[in-house]
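Here the structure comes first, spelled out in structure tokens, and everything after it is commentary.
Read the figures in this text as sums done on the coordinates, not as results from a lab. All values reported here derive from a predicted model rather than from experimental measurement. No Cβ is skipped: glycine too gets one built from the backbone with ideal geometry, and neighbour counts run over all protein chains shown.
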Amino acid sequence: MGLKADTWIREMSLTKNMIEPFCEEQVGKNVVSYGLSSYGYDIRVGREFKIFTNVNSTLVDPKNFDDANIVDIDADIAIIPPNSFALARTVEYFKMPHNVLAICLGKSTYARCGIIVNVTPFEPGFEGHITIEISNTTPLPAKIYANEGIAQVLFLEGDTPCEVTYADKKGKYQSQTGITLPRILR
């Protein structure tokens with residue numbers, strides 16, 4: 001990045017729609033922080049959650065995912081049961097440039113409560129909402145706040161565009177909206 005990281009992220013988001021909606025400043029009073037930071041962007045979790053349940057005692061199979069494994073919730077607060085797991089999505093929609101890879105890391109505020117956030121890299125050419133994996137590693141219920149920060153995205157800019165982008169490969173999660181469950185190309 002030839003520009004300062006925060007300036008580059010602002011420019012890419014405002015002129016190339018890399019992040020929509022884009023919050024130009026760090027918002028952090030009385031909330032888990034989100035928005036533009038010094039070297040990245042703190043993404044927000046939306047109101048939709050898919051919380052894993054064992055009520056139906058089905059098998060979790062990434063090749064044949066059973067919707068009976070999850071309970072859908074649409075709320076400002078989601079409670080993740082002890083030692084359980086949820087899927088959510090970002091408020092923000094991403095359009096990754098062809099020479100940029102993004103890596104996402106959970107926020108320390110949640111990590112210090114035993115909440116682990118996993119998001120796979122955003123490949124060059126990827127477009128869509130990001131599906132977020134949230135694990136409650138504690139023996140207690142955990143509260144997640146919708147429309148507040150959940151993870152930080154770090155952007156790595158290459159000198160040249162990659163030869164084959166995620167869009168070129170027709171990636172199975174391209175242009176996803178909402179929470180996307182596991183898919184296998186058939």
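Under 17 Å from a label point set 7 Å out along the Cα-to-Cβ vector of SER175, the amide N atoms of the range 109-128 belong to 125-128.
Taking a straight line from the alpha carbon of LYS16, these lysines sit under 16 Å away, with near neighbours fewer than eight places off in the same chain left out: LYS95.
Over 27 Å between C-alpha atoms is what I'm after, so list which of LYS50/LYS107; LYS29/LYS172; LYS4/LYS169 land there. Kindly include the intermediate steps, with their values, before the conclusion.
Numbers: LYS50/LYS107 20 Å; LYS29/LYS172 38 Å; LYS4/LYS169 31 Å.
Listed pairs above 27 Å: LYS29/LYS172; LYS4/LYS169.
Of the residues VAL100, VAL91, VAL60, the one that moves most in a GNM of the chain with alpha-carbon contacts below 10 Å is VAL60. Looking at the chain as a GNM with Cα springs under 10 Å, which of GLY35, GLY114, GLY158 has the largest mean-square fluctuation? In this elastic network of the chain, the residue with the biggest mean-square fluctuation among GLY35, GLY114, GLY158 is GLY158.
Candidates SER13, THR177, CYS23 compared by Cα position along the dipole of the chain: farthest toward the positive end lies THR177, with charges placed on Cβ.
Taking the longest Cα principal axis of the chain as reference, the axis of helix 5-16 is set at about 90 degrees. The Cβ shell under 10 Å around GLU148 holds other residues with a net charge of 0, Lys and Arg each +1, Asp and Glu each -1.
A Förster distance of 45 Å, applied to the separation of the beta-carbon atoms of VAL55 and LEU154, puts the FRET efficiency at 0.75. Centroid-to-centroid, using Cα positions, the range 99-119 and the range 1-69 are 9 Å apart.
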